[in-house]
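First the structure, in the form of structure tokens, and then the observations on it.
Throughout, read-outs are computed from the coordinates displayed, never taken from laboratory work. Because the structure is predicted, anything quoted here is derived from the model rather than measured. When we count neighbours, we look across all protein chains shown, and the Cβ atoms used for this are built from the backbone with ideal geometry, even at glycine.
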2 protein chains.
Amino acid sequence: MPKDKPTQPHLPIGAVERDTGLPKDTLRVWERRYGFPNPARDALGERLYSPEDVEKLRLIKRLLDQGHRPSKLITADASTLAALIEAHRPSPEAPHCEALLALVRVTRADELRAALGQTLLQQGLVRFICDTLTPLTRMVGEAWVRGEVQVVDEHLYSELVENILRAAIGAHLGRGNSPRILLTTVPDEEHGLGLLMAEAMMTAEGALCTSLGTRTPLNDIQRAASEGRFDVVALSYSARCSVRTVTDSLNTLRQGLPQQIALWAGGAGLRATDKLAAGILPILQIADVPQCVRDWRTQHGKRT
Amino acid sequence: MPKDKPTQPHLPIGAVERDTGLPKDTLRVWERRYGFPNPARDALGERLYSPEDVEKLRLIKRLLDQGHRPSKLITADASTLAALIEAHRPSPEAPHCEALLALVRVTRADELRAALGQTLLQQGLVRFICDTLTPLTRMVGEAWVRGEVQVVDEHLYSELVENILRAAIGAHLGRGNSPRILLTTVPDEEHGLGLLMAEAMMTAEGALCTSLGTRTPLNDIQRAASEGRFDVVALSYSARCSVRTVTDSLNTLRQGLPQQIALWAGGAGLRATDKLAAGILPILQIADVPQCVRDWRTQHGKRT
DNA sequence: TTTTTATTTTGTCCTGGACAACGAAATCAC
DNA sequence: GTGATTTCGTTGTCCAGGACAAAATAAAAA
């Protein structure tokens, strides 16, 4: 049963796993190999992690997901880590994104909601997703790494974006009905924001989207796609997926899927597209999504 | 690194943990104590669970979350388990819910979407949530246990409901601006549907809601509530939370929160309300939510 | 009936070793 | 020089079986 009593003091290993996303086994093996983290022990010899260590672990997890090697991060002292973080200072962005980033605070939730809504109206859905949401989401992540926004601020941002995107999907429903697209992610992939952006753009383009959310087992995807008479299966992969996972799952899926069902894949996880089997369409930029839908229609002689 | 190669054959323990939600430690200790599951081993002696076992484990997890004792479930053979499942056959429900339940299939996604949308229009948001979504969600879960709907069907249902609710939240925004409510769940609680329903009803009632999504650490909730000048903090607990977790987290939070910020708690996890500290408002039924908002206004002399 | 106290049940945590999947560098073929 | 293959160090996951506390249940007392 979960232990969650002490909210500010030290945390047992299970709570650290939950809070950082680092498996218990990994935490223990890091301690054994690198000497970090080096948690205190309670009367029974059970690990108790200090809030500072948990914070550093969260940071490490984030840098890890961005492609850094563990050995560099774990053995790094504060200053080395700071240098790595500093390297994340982004190239100058569009000024409207900088302004929005300043509003990503729980204390300014109302302003952020209003500003996002207004930007959507100004830009239209497609430009809003490509030119605002995509860079802004990255900037929020980077700002978190630099300690400029808190965990709660990031949660708030995700919630607001999800509200906006799902409302947009609802608003664009019924504009068209082809192609019929099934969207989801593989079981290892838990990030659903990219999927939602794709669904919104496809729906706006007149496709009829059905999303299963994240983490659908491969054979379930296969069965659902065949039985549901879909024209396209679209998968989203985030950067943390290994190249191997991506190509393996896609090739397996391509093999199990009827030939007439197209297979599309997008997201930051799509790096080495050369090892993909034939019949898989890599979507390297979110901005290409509408064109993919239009291309499909051209090839299949449909109007909407 | 994740292992996910064999999609239909046997799964390693990590994949089973991911698919069933049962921790690796628990799976191993069950095997040791009860002899179930009894997975095959690969050349290295690592466990390989059969798809049938994984399916049974998923079932057990579900019944576990509904309050059954592990020993009864794990040692039960197929027929005993079937009897338990049979006991879940629900009391007769409103006929419109039965009709909707029949549409919870990936193959009928379009019909389900249309029917849900139409029911929302007919009933209005509040009745839709209380009289349709709440019973229907329970029915979908029970139908899954009985094997009448698939995992993907349930995923689809969640996605559609989330689209509808978030679109409704967007549509009702700006109707009012008090009270200012912060919504979230504690770190152990990952179910967000109830939270979303509450947010929709509160927003429709004219409250200004800010949701942090699920799994916010207690001290983060505290800090965000104080700094964000909220009037109310609202938490949602599902049935799987132990009574202890619920009362502990609420009492801790009540103590750390300024007196003028109200603390509301709702969801199936709210059972023993007698051990709650003063100054915590239990919301035992989702239908009571609008009245709570109105009561707050009365007590604080606000109109909207 | 309600409260207190024993007794199960059950999940989480421990150690330290092992090995394969991964990434990167080095080697070889063209 | 460019591209494919092999080598090697790095890294995460898995194993065993013992231990103990928190939760749930049964029993006893008020």
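Relative to 2.2 N^0.38 Å, what does the C-alpha radius of gyration of region A:98-255 come to as a ratio? Two decimals please.
Taking the Cα Rg and dividing by 2.2 N^0.38 Å, one obtains 1.12.
Would you compute, for the Cα atoms of region B:113-162, the largest minus smallest coordinate along each principal axis and list the three values in descending order, in whole Å?
So the three principal-axis extents are 31, 17, 15 Å.
Give me the angle, in degrees from 0 to 90, between the Cα long axis of helix A:151-172 and the longest principal axis of the Cα atoms of chain A, rounded to the nearest 10.
The angle comes out at about 10 degrees.
Would you mind computing Rg(Cα) / (2.2 N^0.38 Å) for chain B, counting N as its residues?
Computed over Cα atoms of chain B, the ratio equals 1.11.
Suppose you put the label 7 Å out from Cα in the Cβ direction; list, shortest first and in nm with one decimal, how far A:L121 is from each other copy's label.
Sorted ascending, the copy-to-copy spacings read 2.5 nm.
For region A:236-283, what is the relative contact order in percent, using Cα pairs closer than 8 Å and at least 6 residues apart in sequence?
49 percent
How big is region A:104-195 by the Kirkwood estimate over distinct Cα pairs, in Å?
14.7 Å
Report, in degrees rounded to the nearest 10, the 0 to 90 angle that the Cα long axis of helix B:243-256 makes with the longest principal axis of chain B.
40 degrees
Hey, what D do you get for region B:227-304 in µm²/s if you plug the Kirkwood alpha-carbon radius into Stokes-Einstein at 25 °C and 0.890 mPa s?
The estimated diffusion coefficient comes to 187 µm²/s.
How long are the three semi-axes of the equivalent ellipsoid of region B:164-236, in whole Å, if each is the root of 5 times an eigenvalue of the C-alpha gyration tensor, listed from largest down?
20, 16, 7
For region B:226-272, divide the Cα radius of gyration by the Kirkwood radius and give the resulting Rg/Rh value with two decimals.
We get a ratio of 1.00 for region B:226-272.
Under the Karplus relation 6.51 cos²θ - 1.76 cosθ + 1.60, θ = phi - 60°, what is the ordered set of whole-Hz ³J(HN,Hα) values for region A:112-118, x standing for Gly and Pro?
Computed from phi, the couplings for region A:112-118 are 4, 4, 5, 5, 5, x, 5 Hz.
Fewest first, what order do B:T26, B:T216 take by the number of other Cβ atoms within 10 Å?
Working: B:T26 15, B:T216 24.
Fewest to most other Cβ atoms nearby, the residues stand as B:T26, B:T216.
So what's the projected area for the protein assembly as shown, the Cα convex hull averaged over all directions, in nm²?
Taking the Cα atoms of the protein assembly as shown, their convex hull projects to 28.4 nm² on average.
If you take the Cα atoms of region A:50-154, find Rg, then find the Kirkwood Rh from the mean of 1/r over all pairs, what is Rg/Rh?
1.04
What do the square roots of 5 times the Cα gyration tensor eigenvalues come to for region A:2-81, in whole Å, largest first, as semi-axes of the equivalent ellipsoid?
On the way: eigenvalues 91, 35, 26 Å².
Over the Cα atoms of region A:2-81, the ellipsoid semi-axes are 21, 13, 11 Å.
Which of A:L125, A:L165, A:L81 moves most in a GNM of chain A, Cα contacts under 10 Å?
Residue with maximal mean-square fluctuation among A:L125, A:L165, A:L81: A:L81.
Which percent of the Cα-Cα distances in region B:165-297 go past 18 Å? Don't jump to the answer; show the numbers that get you there.
Working: 4220 of 8778 pairs.
Result: 48 percent of Cα pairs exceed 18 Å.
Between region A:238-289 and region A:112-140, what's the alpha-carbon centroid distance in Å?
27 Å
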